[in-house]
Amino acid sequence: MNTKGKVFKYPDNVDTDVIIPARYLNTADANELAKHCMEDIDASFVGKVEKGDCIVAGWNFGCGSSREHAPLVIKTCGTGCVIAKSFARIFYRNAINIGLPILECEEAADEINANDEISVDFDTGIITNHTSGKTYKAQPFPEFIQSIIKKGGLLASLKSE
């Protein structure tokens, strides 16, 4: 599984209230919620993100409340991957549960810049920055977790078996 796109770069401690503000959580419609993804930190995100684009962030991405809506809206916007120095544990689990590809890689998060063009190979954990020519090695998920993500999340994976 691979993705390729441009980078949206964010700082440390991007919390779930910034990813999807609570004031919009009056609907369960993922497409409706996705219209507000990242708007409190980057009002232009939804208008610019294209299928396969990647979010690159610092430490503790997805901290805050345990709402599953945060990784869901990121995925629904078409984001191909989130790369961060670290993820809040509940966001990490929720991302797997809904099938959002994520990778932890401190060096990549430090060196990749906004608008860089990158590609990610989830099977190997190789992140290639086509803008700078550098490559980075993240620890890929074990095969069984990769399978869950490829199938669209935990529920989709269980239904397929």
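Where a number appears in this text, it was derived from the coordinates with a stated rule and is not lab data. What you are looking at is a predicted structure, and each value in this text was computed from that prediction instead of being measured. Heads up, the Cβs are rebuilt from the backbone with ideal geometry, glycines too, and the neighbour counts pull from every protein chain shown.
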In whole Hz and in residue order, list the ³J(HN,Hα) couplings for region 50-65 that follow from phi through the Karplus curve 6.51 cos²θ - 1.76 cosθ + 1.60, θ = phi - 60°; x for Gly and Pro.
10, 3, x, 4, 10, 9, 10, 9, x, 6, 6, 5, x, 6, x, 6
Give me the Kirkwood hydrodynamic radius of region 61-134, using the inverse of the mean 1/r over all pairs of distinct Cα atoms, in Å to one decimal.
12.9 Å
For region 68-103 and region 127-161, write down the distance between their C-alpha centroids in whole Å.
11 Å
Extend 7 Å from the Cα of residue 46 along its Cα-to-C-beta direction; within region 77-94, residues with backbone N under 13 Å of that point are 77-78
Rg [Å, one decimal], Dmax [Å, integer] - the chain, C-alpha atoms:
14.5, 44
Cut-off under 18 Å on the C-alpha distance; same-chain residues fewer than 8 positions from residue 151 excluded. Which lysines are left, in chain and number order?
51, 75, 159
